[in-house]
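Participant: Let me give you the structure first, and then I'll get to my questions.
The values are calculated or read from the model by the stated rules, or taken from the named source; none is laboratory data. Bear in mind that the values here come from a model prediction, so they are computed numbers and not experimental data. With ideal geometry, Cβ positions are generated from the backbone for all residues, glycine too; neighbour counts draw on all protein chains shown.
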């Protein structure tokens, strides 16, 4: 779990837990109602590169609180900015009034300190981006191409949340994550556009620099550009696809995980909703969402409704084990929450969603998985994807792929897409490797306008029957 | 704001700009549940105020900081945070107005320009009144009244959905926001704007139907037509009808001479597909004139995309992007509107609203090609790959001849170079309508002639 090393103080040292408990208890005025109070403070620093230099540094912060009343017929949510205890205490009353909260005065008010990230952290992020820019500038393709486009972005976000429920619980959690993302576009031979992307994430800027040094990112970009330059046309048609360790987790996150979210299932938007308890894949396939794993971007001690985090098995030995629920979907489905509630901020309602989602290790040697294939596609990096959770149909860009021939990975191939169906893809998982790896930590998941950090993981894995379609570019 | 500007001056900043956004909002969501379950209602009310400060220091480096205003904050703290953030190692360069600034940074450009433009700006409040941006009834109706209006959309889907589509969710949101802007150059402006937003998401209830989201925005909730929005969503969602019979029997007008009318919603799909190239300067060059004229318009009355000044404090305007099919401008740093979705965001250039100039073709006039007959398209999937080719696929369309409907044209598609598609726009209608397809888009129907021969077999991946 992230350790508290920054100077930001726990919210519960600044807010009276008894006050929060009273406010939350006041929300459940009627029998059967549930209410909770969510208090949040965010300190954020972001550095955006302009070309190869850190050009814009954004520092900001603020806080707010929201109450929610939950009943079988729906939810009422009222959010106000600021951490003023009196204002927080008045939230239950505001939530019951149709008119909603009145604006607070923004007239001159003063305090001794602002809600900003500490200068050392901002400086560390900027220094990281500067070093990254220098490393990328040394990549031959970028150094020689005047028209190269380089997009650098790094950020540190420290979020503190307190959840007080009408059932008497009051918990606090701190989530800190530093991440970076780079995208480069250069002109290759014959005017072909070559693109490469890389990134990384860690609990703080110092760990980011250690776990994902700028030189390693530059090396990945250099290799990706070189391979793109010499890529052969992708094989097309229905082929066995080997998903390299780490990257294919994105496919399971999008094509399976979202379909196992309780809200989608309750709205008839999940191809998996009617398959609970059924065997849909090999007994070597187990898919888990685990927010307790150390050092991953989706990790947290509590979810955003105050439930203590715990691993949740979504697919157990090939059988659909269950859905992710927050309190609202659990209430409607007449089941228990699974600690899967996430909200981007106090301004948003919680949604059931993934944290760190991964396929567990299987019995096969990763090399054996490739060796067993006379012809296929090896996917080393996936890009953007589209998934219809109702049908589980998906399409993903393959940013970096290789031709498999004669049981060997033989050559990089040009960008292509893989298309298929999530349910059938699970059925078609043929071999699972023993080399579980997680993504680099720069990923985010978007759902209904709310962003959330999420990690994906997977060992080398072979799926048969996916369609490989050449990219039109 | 004055205190922050004074603190910035005291700290040695040569230019400073304060942006404050203060607003309230309500979002009501209706989710008709699966059979046997009562519908789920979500009502969310928010209140948020925040400030952003941009500064240019003596060395010409730009800094940016933001803070929520729900808690007290000392002006000096905001200034300190912004001054701490200037990027290290950047060589300053002189800005046009003599202020030291980093001219290749869009936000710094905007900051310098805001100072320079201050003298000639009409008071924003006056302009805001002219733009009619405020609905006095915003946020005054009760939740139940809003939910009752949402039932208009539910009823329309029940009436017109042919039991092939279902409502996933309907969302109605309202917001009332006050914007304040002050610069070290003397600009002191503010205005208020209200927003009403409608979103209807449909999901398939039959094979071949599609999941779609249809959205509308206005400054007034009363302007939003739930039934109209639901009807357009249904047309985009319903399964395609078989076009084979009309085409196979030869009853369809000749593919070479056919006149095609994209009804306004289908035309909006075309504008949305063209937008990236129109905004980036990559608009294709055409050989013969087209009737397509496209504006980026931030001063349309009654629209939430309008404002008296943009996110960098500069007066807003209407800019021609495409005239007669030929590109005349593009969205670029320093030359366009700066958008600022939140006080937490740096200003970034982008379109306010994309508006196609209307013409004289009478709304509802049936298409009649040179050889007689035409095709009316009410819903289409239009995809334009940058620098490559476009495809137009009819989701819902009909052949017409002599004022009579011949039969469906669903599933037909065209492909070719973007230039040919733009050249084919030969007439615009007198029926402009507003849609929210990513950006706000206002377009009338568009008449296409001389496009190419359609195809019936869908390519893989379309």
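Participant: For the structure I just gave you, tell me whether residue A:422 is touching a helix residue (DSSP H, G or I) at 6+ places or on another chain (Cβ under 8 Å) and closer than 20 Å to residue A:287 by Cα. Don't jump to the end; show me each part of the working.
Facilitator: Details: touching a helix residue (DSSP H, G or I) at 6+ places or on another chain (Cβ under 8 Å): yes; closer than 20 Å to residue A:287 by Cα: yes.
When the stated conditions are applied, residue A:422 passes them.
Participant: Give the residues of the range A:356-367 that are closer than 17 Å to residue A:462 by Cβ, touching a residue at least 40 places away in the same chain (Cβ under 8 Å) and out of contact with any helix residue (DSSP H, G or I) (no Cβ under 7 Å at 6 or more places or on another chain), sorted by residue number.
Facilitator: Result: A:360, A:361, A:362, A:363, A:364, A:365, A:366.
Participant: Name the residues in the range A:63-77 that are outside any strand (DSSP E or B) and more than 7 Å from chain B (Cβ to nearest Cβ), would you?
Facilitator: Selection gives A:72 alone.
Participant: How many residues are within 22 Å of residue B:410 (Cβ to Cβ), within 18 Å of the chain's Cα centre (by Cα) and buried (at least 21 other Cβ atoms within 10 Å of the Cβ) when one looks only at the range B:212-252?
Facilitator: Summing the residues that are within 22 Å of residue B:410 (Cβ to Cβ), within 18 Å of the chain's Cα centre (by Cα) and buried (at least 21 other Cβ atoms within 10 Å of the Cβ) in the range B:212-252 gives 5.
Participant: Given the options B:200, B:147, B:167, name the one that is modelled with pLDDT of 95 or more and either more than 19 Å from residue B:50 (Cβ to Cβ) or not in a strand (DSSP E or B) (or both). First the steps, then the outcome.
Facilitator: Values: B:147 fails: modelled with pLDDT of 95 or more; B:167 fails: modelled with pLDDT of 95 or more.
Checking each option against the conditions leaves just B:200.
Participant: Still on this structure: Would you confirm whether any residue within the range A:435-451 is out of contact with any strand residue (DSSP E or B) (no Cβ under 9 Å at 6 or more places or on another chain) and more than 20 Å from residue A:155 (Cβ to Cβ)? Steps first, answer last, please.
Facilitator: Here is the first cut: in the range A:435-451, the residues out of contact with any strand residue (DSSP E or B) (no Cβ under 9 Å at 6 or more places or on another chain) are A:435, A:449.
Checking which are more than 20 Å from residue A:155 (Cβ to Cβ) leaves us with A:435.
Checked against the condition, which is being out of contact with any strand residue (DSSP E or B) (no Cβ under 9 Å at 6 or more places or on another chain) and more than 20 Å from residue A:155 (Cβ to Cβ), the range A:435-451 yields at least one hit.
Participant: For the range B:273-286, indicate whether the set of residues that are part of a helix (DSSP H, G or I) and either at pLDDT 95 or above or in the same structural domain as residue B:15 (by TED's automatic domain parsing) (or both) is non-empty. Explain how you work it out, then say what you get.
Facilitator: First pass over the range B:273-286, keeping only residues part of a helix (DSSP H, G or I): B:273-280.
Now narrow it down to the ones that are either at pLDDT 95 or above or in the same structural domain as residue B:15 (by TED's automatic domain parsing) (or both): none.
For the range B:273-286, residues part of a helix (DSSP H, G or I) and either at pLDDT 95 or above or in the same structural domain as residue B:15 (by TED's automatic domain parsing) (or both): absent.
Participant: With the requirement that a residue be touching a helix residue (DSSP H, G or I) at 6+ places or on another chain (Cβ under 8 Å), farther than 27 Å from residue A:443 by Cα and in a loop (DSSP other than H, G, I, E, B), what does the range A:368-413 give you?
Facilitator: Correct list: A:407 only.
Participant: Ok, one more. Can you confirm whether residue A:344 is surrounded by fewer than 24 Cβ atoms within 10 Å (Cβ to Cβ) and more than 30 Å from residue A:227 (Cα to Cα)? Don't jump to the end; show me each part of the working.
Facilitator: Numbers: surrounded by fewer than 24 Cβ atoms within 10 Å (Cβ to Cβ): yes; more than 30 Å from residue A:227 (Cα to Cα): yes.
Answer is yes for this residue.
Participant: Next up: With the structure loaded, tell me whether residue B:209 is surrounded by 19 or more Cβ atoms within 10 Å (Cβ to Cβ), free of Cβ contacts under 8 Å to residues at least 60 places away in the same chain and not in a strand (DSSP E or B) or whether it fails that test.
Facilitator: Working: surrounded by 19 or more Cβ atoms within 10 Å (Cβ to Cβ): yes; free of Cβ contacts under 8 Å to residues at least 60 places away in the same chain: yes; not in a strand (DSSP E or B): yes.
It is true that residue B:209 is surrounded by 19 or more Cβ atoms within 10 Å (Cβ to Cβ), free of Cβ contacts under 8 Å to residues at least 60 places away in the same chain and not in a strand (DSSP E or B).
Participant: Could you list all residues from the range A:51-62 that are in a strand (DSSP E or B) and touching a strand residue (DSSP E or B) at 6+ places or on another chain (Cβ under 8 Å)?
Facilitator: Pass one, the range A:51-62, residues in a strand (DSSP E or B): A:53-62.
Of everything in the range A:51-62, those that are in a strand (DSSP E or B) and touching a strand residue (DSSP E or B) at 6+ places or on another chain (Cβ under 8 Å) turn out to be A:54, A:55, A:56, A:57, A:58, A:59, A:60, A:61, A:62.
Participant: Just name the residue that is farthest from the other protein chains (Cβ to nearest Cβ) out of those in the range B:35-70 that are assigned to a loop (DSSP other than H, G, I, E, B) and under 18 Å from residue A:63 (Cβ atoms).
Facilitator: From the range B:35-70, those assigned to a loop (DSSP other than H, G, I, E, B) are B:35-39, B:57-61, B:69-70; that's our starting set.
Imposing the further condition that a residue be under 18 Å from residue A:63 (Cβ atoms) reduces the set to B:69-70.
Numbers: B:69: 5, B:70: 2 Å.
Only one residue fits best here, namely B:69.
Participant: If you don't mind, another one. When the residues of the range B:192-206 are narrowed to those that are in contact (Cβ under 8 Å) with a residue 40 or more places away in the chain and more than 21 Å from the chain's Cα centre (by Cα), which ends up surrounded by the most Cβ atoms within 10 Å (Cβ to Cβ)?
Facilitator: Taking the candidates together, the pick is B:204.
Participant: Among (1) buried (at least 23 other Cβ atoms within 10 Å of the Cβ); (2) closer than 25 Å to residue B:419 by Cβ; (3) modelled with pLDDT of 90 or more, where does residue B:298 come up short?
Facilitator: The number of the failed condition is (2).
Participant: Here's something else I'd like to know. Quick check on this structure: which one of A:289, A:294, A:283 is away from chain B (no Cβ under 14 Å), surrounded by fewer than 21 Cβ atoms within 10 Å (Cβ to Cβ) and modelled with pLDDT of 95 or more?
Facilitator: On the way: A:289 fails: surrounded by fewer than 21 Cβ atoms within 10 Å (Cβ to Cβ); A:294 fails: modelled with pLDDT of 95 or more.
Unique residue meeting the criteria: A:283.
Participant: Working only within the range A:259-270, note down all residues that are touching a residue at least 40 places away in the same chain (Cβ under 8 Å) and either surrounded by fewer than 21 Cβ atoms within 10 Å (Cβ to Cβ) or over 22 Å from residue A:429 (Cα atoms) (or both).
Facilitator: Those that are touching a residue at least 40 places away in the same chain (Cβ under 8 Å) and either surrounded by fewer than 21 Cβ atoms within 10 Å (Cβ to Cβ) or over 22 Å from residue A:429 (Cα atoms) (or both): A:262, A:263, A:264, A:265, A:266, A:268, A:269.
Participant: While we're on this one: Name every residue in the range B:158-171 that is in contact with a strand residue (DSSP E or B) (Cβ under 6 Å, 6 or more places away or on another chain) and away from chain A (no Cβ under 14 Å), in order of residue number.
Facilitator: none
Participant: Out of the residues in the range A:11-50 that are in a loop (DSSP other than H, G, I, E, B) and touching a strand residue (DSSP E or B) at 6+ places or on another chain (Cβ under 6 Å), which is farthest from the other protein chains (Cβ to nearest Cβ)? Give the derivation first.
Facilitator: Here is the first cut: in the range A:11-50, the ones in a loop (DSSP other than H, G, I, E, B) are A:14-16, A:26-33.
Still in the list and also touching a strand residue (DSSP E or B) at 6+ places or on another chain (Cβ under 6 Å): A:27-28, A:33.
Values: A:27: 14, A:28: 17, A:33: 14 Å.
Checking each candidate, the answer is A:28.
Participant: Okay, next question. Does residue A:101 satisfy being at pLDDT below 90 and part of a strand (DSSP E or B)? Before you say what the answer is, go through the steps one by one.
Facilitator: Working: at pLDDT below 90: yes; part of a strand (DSSP E or B): no.
When the stated conditions are applied, residue A:101 does not pass them.
Participant: Something else now. So which residues in the range A:247-269 are at pLDDT 90 or above and outside any helix (DSSP H, G or I)?
Facilitator: A:261
Participant: If a residue must be surrounded by fewer than 24 Cβ atoms within 10 Å (Cβ to Cβ) and either part of a loop (DSSP other than H, G, I, E, B) or at the interface with chain B (Cβ under 7 Å from one of its Cβ atoms) (or both), how many such residues does the range A:78-95 contain?
Facilitator: 4
Participant: On to the next question. Any idea which of A:57, A:39 is closer than 30 Å to residue A:127 by Cβ, in contact with a helix residue (DSSP H, G or I) (Cβ under 8 Å, 6 or more places away or on another chain), crowded, with 23+ Cβ neighbours inside 10 Å and in contact (Cβ under 8 Å) with a residue 60 or more places away in the chain? Step through it out loud before you land on a result.
Facilitator: On the way: A:39 fails: closer than 30 Å to residue A:127 by Cβ.
After applying the criteria, what remains is A:57.
Participant: Here is a further query. Being farther than 23 Å from residue A:86 by Cα and either surrounded by fewer than 23 Cβ atoms within 10 Å (Cβ to Cβ) or at pLDDT 95 or above (or both): is that true of residue B:72 here?
Facilitator: On the way: farther than 23 Å from residue A:86 by Cα: no; either surrounded by fewer than 23 Cβ atoms within 10 Å (Cβ to Cβ) or at pLDDT 95 or above (or both): yes.
Judged against the criteria, residue B:72 is not a match.
Participant: A further question on this structure: I'm trying to understand the selection: among the residues of the range B:1-22, which are touching a strand residue (DSSP E or B) at 6+ places or on another chain (Cβ under 9 Å) and either at the interface with chain A (Cβ under 8 Å from one of its Cβ atoms) or within 27 Å of residue A:268 (Cα to Cα) (or both)?
Facilitator: Selection gives B:20, B:22.
Participant: Right, here's the next one. Which one is nearest to residue A:415 (Cα to Cα), of the residues in the range A:446-473 that are assigned to a loop (DSSP other than H, G, I, E, B) and within 14 Å of chain B (Cβ to nearest Cβ)? Quick ask: steps written out before the conclusion?
Facilitator: So in the range A:446-473, the residues assigned to a loop (DSSP other than H, G, I, E, B) come out as A:448-449, A:454, A:459-460, A:471-473.
From what's left, within 14 Å of chain B (Cβ to nearest Cβ): A:448-449, A:471-473.
Numbers: A:448: 29, A:449: 28, A:471: 6, A:472: 9, A:473: 8 Å.
That would be A:471.
Participant: Given the structure, is residue B:196 touching a helix residue (DSSP H, G or I) at 6+ places or on another chain (Cβ under 8 Å) and outside the structural domain of residue B:56 (by TED's automatic domain parsing)? Write out each step before concluding.
Facilitator: Working: touching a helix residue (DSSP H, G or I) at 6+ places or on another chain (Cβ under 8 Å): yes; outside the structural domain of residue B:56 (by TED's automatic domain parsing): yes.
It is true that residue B:196 is touching a helix residue (DSSP H, G or I) at 6+ places or on another chain (Cβ under 8 Å) and outside the structural domain of residue B:56 (by TED's automatic domain parsing).
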